[in-house]
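The values are calculated or read from the model by the stated rules, or taken from the named source; none is laboratory data. Fair warning: this is a prediction, and the values are worked out from it, not measured in the lab. Here the Cβ positions follow ideal geometry from the backbone for every residue, glycine too, while neighbour counts run over all protein chains shown.
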Amino acid sequence: MNSINWILLAFLSFSGFHSEPDLNQKAEVETCNFKNIAFDAGEIISYKIYYNWNFIWLPAGEVVFTVKDKEDLYHLSAKGVTYKSYEWIYKVRDFYDSYIHKETLLPELSIRDIEEGKYRKYDKTTFHRDKSKAVSLMGKTADNCSEEIISLEKCTYDVLSSVYVLRNIDVDLNSTGYDIPIRVYLDRKIYPLTIRYKGVDKRKRVKGMGPCETILFEPELIIGNIFTKDRGMKVWVSNDQNRIPLLIESPVSVGSIKAVLQDYQGLKYPLVVE
């Protein structure tokens with residue numbers, strides 16, 4: 001199971017790298033220039049991934065997200081690996097990097113280097129917003145790529161930058177059941193996506209943290225090789241200024257998975273979960 005991509009899916013409603021998007025059903029996103037109030041350089045957040053197989057929860061791997069300073073950009077990175085004890089089932093070594101503008105949070109450069117079992121993919125995409133295009137170099141490895149130019153729609157984010165953008169969206173905590181749209185670039189396609197806000201859960205139990213005050217989101221999923229239903233994933237986010245995921249749960253095509261916040265440092269604000 002792709003540990004990085006799965007956590008990103010919790011926010012972005014993807015079914016993996018092999019599904020075709022339905023581009024006619026989603027609201028367009030015209031809001032750009034998000035003001036970042038939720039994170040800063042130096043932030044490191046890690047998650048432990050569990051896979052439920054035959055009613056047994058197996059510790060499968062971990063994902064680490066980091067934010068670094070690079071002049072007028074943030075360098076976002078995510079690294080997902082499976083534990084050696086799990087690799088007899090499935091081995092993952094995934095690396096995501098995104099360089100985003102501090103003022104707009106829009107990506108300038110996105111790199112994905114994927115190793116999942118026998119599957120390999122490398123994708124380096126440069127965004128040219130002044131020309132409304134993105135240039136993708138994609139192949140099995142960095143040395144074996146083809147180039148393709150993609151028409152770039154307004155306010156389009158890559159997978160990793162979208163996670164941080166969503167942390168900065170202003171949610172009306174007094175309303176429930178409404179959708180938050182966002183447009184995301186992945187694999188030379190642009191996906192209009194929605195995340196459904198479900199309300200405040202004031203005493204959600206999180207492993208290692210006890211009862212926490214959280215905000216619950218439910219991504220709409222694209223049915224494919226990982227997900228068999230368009231709903232079912234749940235994401236509990238800290239109800240504070242950091243808005244970091246504390247717990248993610250989802251059924252998948254075989255079994256179910258959850259990700260639990262394991263460690264954090266360098267948060268912009270003290271984490272408040274009570």
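Out of all the residues in region 89-103, which are within 17 Å of the chain's Cα centre (by Cα), surrounded by fewer than 23 Cβ atoms within 10 Å (Cβ to Cβ) and over 30 Å from residue 154 (Cβ atoms)?
93
Of all the strands (runs of 3 or more DSSP E) wholly in region 138-202, which have at least 3 residues that are among the β-branched types (Val, Ile, Thr)?
Counting at least 3 such residues, we get 178-186.
Here are 178, 185: which of them is under 24 Å from residue 66 (Cβ atoms), aromatic (Phe, Trp, Tyr) and either loosely packed, with under 15 Cβ neighbours inside 10 Å or in contact (Cβ under 8 Å) with a residue 40 or more places away in the chain (or both)?
That would be 185, the only listed residue that is under 24 Å from residue 66 (Cβ atoms), aromatic (Phe, Trp, Tyr) and either loosely packed, with under 15 Cβ neighbours inside 10 Å or in contact (Cβ under 8 Å) with a residue 40 or more places away in the chain (or both).
Out of region 35-52, which residues are among the small types (Gly, Ala, Ser) and buried (at least 19 other Cβ atoms within 10 Å of the Cβ)?
38
Do we find that residue 106 is modelled with pLDDT under 95, of a type outside the set (Val, Ile, Thr), over 28 Å from residue 258 (Cβ atoms) and buried (at least 16 other Cβ atoms within 10 Å of the Cβ) in this structure?
Taking the combined requirement at face value, the residue satisfies it.
For the condition within 19 Å of residue 260 (Cα to Cα), modelled with pLDDT under 80, of a type in the set (Phe, Trp, Tyr) and surrounded by fewer than 16 Cβ atoms within 10 Å (Cβ to Cβ), what is the one hit in 11, 55?
55
Looking at (1) under 30 Å from residue 73 (Cβ atoms); (2) touching a Phe, Trp or Tyr at 6+ places or on another chain (Cβ under 8 Å); (3) modelled with pLDDT of 85 or more, which is the one condition that is false for residue 161?
(2)
Return only the number of the condition from (1) assigned to a loop (DSSP other than H, G, I, E, B); (2) modelled with pLDDT of 80 or more; (3) under 27 Å from residue 121 (Cα atoms) that residue 274 does not satisfy.
Tallying (1) assigned to a loop (DSSP other than H, G, I, E, B); (2) modelled with pLDDT of 80 or more; (3) under 27 Å from residue 121 (Cα atoms), residue 274 fails exactly one: (3).
Across region 213-255, what is the total count of residues that are assigned to a loop (DSSP other than H, G, I, E, B) and either modelled with pLDDT under 90 or touching a helix residue (DSSP H, G or I) at 6+ places or on another chain (Cβ under 6 Å) (or both)?
Result for region 213-255: 18.
Exactly one of these conditions fails for residue 195: (1) crowded, with 18+ Cβ neighbours inside 10 Å; (2) more than 23 Å from residue 249 (Cα to Cα). Give me its number.
(2)
Can you tell me which residue is farthest from the chain's Cα centre (by Cα) among those in region 159-199 that are small (Gly, Ala, Ser) and over 22 Å from residue 94 (Cβ atoms)?
175
Counting only residues that are charged (D, E, K, R) and touching a Leu at 6+ places or on another chain (Cβ under 9 Å), which one in region 62-118 is farthest from residue 265 (Cα to Cα)?
Among those that are charged (D, E, K, R) and touching a Leu at 6+ places or on another chain (Cβ under 9 Å), it is 108.
So, residue 86, is that one of a type in the set (Ser, Thr, Tyr), crowded, with 17+ Cβ neighbours inside 10 Å and modelled with pLDDT of 90 or more or not?
no
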